[in-house]
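Written below as structure tokens is the structure these notes are about.
The values are calculated or read from the model by the stated rules, or taken from the named source; none is laboratory data. Predicted model, so just to flag it, every value in this text is computed and none were measured. Note: ideal-geometry Cβ built from the backbone for every residue, glycine included; neighbour counts use all protein chains shown.
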Amino acid sequence: MAKTVDARGLSCPQPVLMTLDEMKEGSADELLVLVDNEASKENVSRAAKSKGWKIADISEAEGAFNITLRKD
Amino acid sequence: MKGIKNIFAESWGLIGVGILIGILAPLLQYLGNPPNMGICVACFERDIAGALGFHRAAVVQYIRPEIIGFVLGSMIAAYLFREFKPRLGSAPIVRFFLGIFAMIGALVFLGCPWRAALRLAGGDGTAIVGLVGLIFGVWIGTLFLKGGYSLGRTQPTHHTAGWMLPLFMVGLLALILLFPQIPGKDKNEILFYSMKGPGSLHAPLAISLGVGLLIGFLAQRSRFCTMGAIRDFVLFRSMHLLSGFLALILTALAVNVILGQFKPGFAGQPVAHTMHLWNFAGMTLSGLAYCLAGGCPGRQLFLAGEGDGDAAVFVMGMIVGAGISHNFGLASSPAGVGPYGIPAVMSGLLVCLFIGFTMRNRIA
């Protein structure tokens, strides 16, 4: 199941905490994380990799990033 | 330059930035900055407050070009890499007061995390207590973060709003150029200067500004943050930011030894006191305030440079906090804590706990 984490307008560590919370919750095998700054994109990507999730896609639209994470 | 991979945000890039700061900060001391204070964001903002007459502590009055460079260097990097994003609206008034109390705590210890690191690297044993206090304060902050603490979301805004703090820095630069220090005088028209004490010690303007610009540029790219270093290790066991902070300490230590600036001991260290409990508590207050506000004083300057108006409000809070600290006897001196330093730290901790406990529902 895919879930969305909307972390736009939030700065770290909150986007990472929200993403990890969803991962821990366990019902999703795909997460769409929305962030609006480069640092959050880097941090969420780094955290996902460290939890063994794959970054399936990152797209940029209107200054925001949509990061698709998939459980391996 | 958007297509270029951001190597500075990789772990080795961050370590490189830490090493560079570890070299440049002791060199600034060698070239004239105060001992164990090559770079201290809190002290330097306090000196700026003094130069403008927001407080009248005669020994700490100088517009520090490093601070100007930090903001403008970060802004240049943000523009070059298309990361300048004007934004604000995440509880600015709360950030203002966090800035005030962060400064009050920093001036009880006598330094921000950068200076705590430089004090340690210069052999000042009292810095250990301060660093432990900092870690403790950040740790309290992470408990709030885990419990859902949030200052809420920012909103995109006009470029003008993102330019406010950088323009303030340009204004400060104009003031130093228009009203330079007249030898033997403590005042040039509207700017105050120190005749003795830390405020009278500074590297040449062009060097200070150049180093500030370079560090500002690289810190924006690497997201260097001393508070984040501790926070992310506590929260995620992430060594990423911490590796940069540790690289800074170890490099500064080596450079100090080479330059003959390493003088180990506890008593009689430059611009420091030995009231350990209050070194600890002052830094606990600061660490908690930095964590609740999302960045160490340096990081707040770099964020302000990339258009973060909330970080700019925190910076202004710190400058106002410096005025409060020195006008009302809260700041420490080498003799020990000021007459009202202890109640101020207590009040600050209560305010921070109040903010942490009450601002915790995630705003969806």
* Those strands (runs of 3 or more DSSP E) lying entirely in the stretch A:20-72 with at least 2 residues within 12 Å of another protein chain (Cβ to nearest Cβ) and under 10 Å from the mean Cα position of the chain (by Cα) -> A:30-35
* Structure fact -> Given (1) in contact with a Gly (Cβ under 9 Å, 6 or more places away or on another chain); (2) outside any loop (DSSP other than H, G, I, E, B); (3) surrounded by 22 or more Cβ atoms within 10 Å (Cβ to Cβ), B:Gly295 misses just (2)
* To do: Could you tell me whether B:Phe224 is at pLDDT 95 or above, outside any helix (DSSP H, G or I) and under 26 Å from B:Val313 (Cα atoms)?
  => yes
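Kindly provide the set of residues from the stretch B:323-333 that are in a loop (DSSP other than H, G, I, E, B) and touching a residue at least 60 places away in the same chain (Cβ under 8 Å), ordered by number. First the steps, then the outcome.
Residues of the stretch B:323-333 in a loop (DSSP other than H, G, I, E, B): B:328-332.
Scanning the stretch B:323-333 gives B:Leu330, B:Ala331, B:Ser332.
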* Scan the stretch B:212-258 residue by residue and report those that are among the aliphatic types (A, V, I, L, M) and either within 13 Å of chain A (Cβ to nearest Cβ) or buried (at least 24 other Cβ atoms within 10 Å of the Cβ) (or both). => B:Ile215, B:Ala219, B:Met227, B:Ala229, B:Ile230, B:Val234, B:Leu235, B:Met239, B:Leu241, B:Leu248, B:Ala252
* To do: Please find, among B:Val17, B:Val59, the residue that is closer than 30 Å to A:Ser50 by Cβ and touching a Ser or Thr at 6+ places or on another chain (Cβ under 9 Å).
  => B:Val17
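For every residue, the table says whether it meets (1) surrounded by fewer than 24 Cβ atoms within 10 Å (Cβ to Cβ); (2) among the polar types (S, T, N, Q); (3) in contact (Cβ under 8 Å) with a residue 12 or more places away in the chain; (4) in a helix (DSSP H, G or I).
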residue	(1), (2), (3), (4)
B:Ala267	yes, no, no, no
B:Pro270	yes, no, yes, no
B:Ala281	no, no, yes, yes
B:Gly287	no, no, yes, yes
B:Cys291	no, no, yes, yes
B:Gly321	no, no, yes, yes
B:Pro339	yes, no, no, no
* Is at least one residue of the stretch B:345-356 farther than 24 Å from B:Leu143 by Cα, modelled with pLDDT of 95 or more and not basic (Lys, Arg)? -> no
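Let's see how each residue does on (1) without any contact (Cβ under 8 Å) to a residue 12 or more places away in the chain; (2) crowded, with 24+ Cβ neighbours inside 10 Å; (3) out of contact with any strand residue (DSSP E or B) (no Cβ under 6 Å at 6 or more places or on another chain); (4) not in a loop (DSSP other than H, G, I, E, B):
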site	(1), (2), (3), (4)
B:Trp12	yes, no, yes, yes
B:Ile19	no, no, yes, yes
B:Ile23	no, no, yes, yes
B:Met37	no, yes, yes, no
B:Arg46	no, yes, yes, yes
B:Gly53	no, no, no, no
B:Ala57	no, no, yes, no
